[in-house]
1. Do we have any residue at all in segment 297-307 that's within 29 Å of F155 (Cα to Cα) and among the hydroxyl-bearing types (S, T, Y)?
2. With closer than 30 Å to A237 by Cα, among the aliphatic types (A, V, I, L, M), within 15 Å of the ligand (Cβ to nearest atom) and touching a residue at least 24 places away in the same chain (Cβ under 8 Å) as the only criterion, which of L165, L151 stands out?
3. Of the residues that make up segment 33-43, is at least one modelled with pLDDT under 95, among the charged types (D, E, K, R) and within 15 Å of the ligand (Cβ to nearest atom)?
4. Go through (1) at pLDDT below 95; (2) within 11 Å of the ligand (Cβ to nearest atom) and name the single condition S122 misses.
5. Among the candidates G65, G74, single out the residue that is crowded, with 19+ Cβ neighbours inside 10 Å and either modelled with pLDDT under 95 or within 13 Å of the ligand (Cβ to nearest atom) (or both).
6. Mind checking whether some residue in segment 88-104 is touching a residue at least 60 places away in the same chain (Cβ under 8 Å) and β-branched (V, I, T)?
7. Condition first: surrounded by 14 or more Cβ atoms within 10 Å (Cβ to Cβ), in a loop (DSSP other than H, G, I, E, B) and at pLDDT below 90. Now tell me which residues in segment 268-292 satisfy that.
8. Is it the case, given these coordinates, that V86 is β-branched (V, I, T) and away from the ligand (no atom under 16 Å from the Cβ)?
Amino acid sequence: MATEAEYRPFRQDMDAAARYLSIHPPLPRHLTTKFFTNMLYLQHWMRYTEVGFLIHPSVHLPTPGLKVADVACGTGIWLIELAKQVPKDAQLEGFYISSAHFPPKDELPENVKLGYMDMMQSVPENLLAQYDIVHVRGVVLYVFNDDPSELLANFMVLLKPGGYLCWDDLDLAAHNPKTSDPNVSHEIADKIEEFGRMWFKTQGLPFSWLRSLDTTLTSHGLEALVPHSQTVSNAGARPWTLMQPMANRHFFENDINTMCEAGKMPPGSPSAEEWREMSEGLIEECREGVRLLMDIVYIVGRKAVEQK
Ligand SMILES: C[S@@+](CC[C@H](N)C(=O)[O-])C[C@H]1O[C@@H](n2cnc3c(N)ncnc32)[C@H](O)[C@@H]1O
């Protein structure tokens, strides 16, 4: 576990992540704001409410001495909530590329520790085969060219033999604006959706890998359990929908606007002015009843007890 002194300054972390993401530093500003911290909290509770569990009930939690790692943990809220559900002697460790979204240390449960780790780099030796459970959530935007192998290898080496990898993500390709009222227009939502798909493709992010993650886990020697996908329910439809224009506007105000002005958007992209109008229009369409939903994908892979 990295100590606070080992944390790199946030800006430096973010620039390293930007280089990895093939985006020229500085990293998209929207990822660095306190608004983004709030979004992470909001998304956590929305997700938890939808799926109803932190760890899938099929996962056997060894007691005593449970050790859990949450990779790319963001705020650490998943572990903070998990601390309420597991014995006090469980060691819960969160890793992230920066401490920017971490709460103050004195607000953490005693058995939760948050520290530095870049999930794209080789795992430090002292963390190898240490964990009964490795949890990872919301990294879909960091799996390039439809190949999760590199990340998967890093997650797997953290696991003890017999340990479980719990991968929880959103299928951004299953994201179609809908409305049950034919009189409600979703023209702007469709336009943003279409641009989003084009943008993700140009960034090497087609997201198809997510639908075959169970097969990929198997081919890497994990036993794939509970491949599970669910569309956000009607009960969750409003908060999920309303969160998105909010995120969209934040992205626009922090990044798209500047990229448009600097001429860095892909050819055929809307202008800054068109973006501004679309952001406002999207809020209006959602207010009128358009639903912006996506699928939640949850997969568990178990590492063999005996390594061949
Ligand atoms: C959608 S957030 C999810 C955070 C957290 N898992 C959650 O569910 O609340 C994904 C995070 O991965 C972070 N990330 C990007 N590259 C990373 C890397 N190389 N190592 C660790 N985290 C990274 C991003 O900064 C982003 O905040």
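1. Looking for residues that are within 29 Å of F155 (Cα to Cα) and among the hydroxyl-bearing types (S, T, Y), one finds at least one in segment 297-307, hence yes.
2. Details: L151 fails: closer than 30 Å to A237 by Cα.
That would be L165, the only listed residue that is closer than 30 Å to A237 by Cα, among the aliphatic types (A, V, I, L, M), within 15 Å of the ligand (Cβ to nearest atom) and touching a residue at least 24 places away in the same chain (Cβ under 8 Å).
3. Checked segment 33-43: at least one residue is modelled with pLDDT under 95, among the charged types (D, E, K, R) and within 15 Å of the ligand (Cβ to nearest atom).
4. S122 satisfies all of (1) at pLDDT below 95; (2) within 11 Å of the ligand (Cβ to nearest atom) except (2).
5. That would be G74, the only listed residue that is crowded, with 19+ Cβ neighbours inside 10 Å and either modelled with pLDDT under 95 or within 13 Å of the ligand (Cβ to nearest atom) (or both).
6. The answer is yes; a qualifying residue exists.
7. Once the filter is applied, which keeps residues that are surrounded by 14 or more Cβ atoms within 10 Å (Cβ to Cβ), in a loop (DSSP other than H, G, I, E, B) and at pLDDT below 90, segment 268-292 yields S269, P270.
8. yes
The values are calculated or read from the model by the stated rules, or taken from the named source; none is laboratory data. From a predicted model like this one, the values you see are computed outputs, not experimental measurements. Cβ coordinates were reconstructed from backbone atoms using ideal geometry, including for glycine residues, and neighbour counts include every protein chain displayed.
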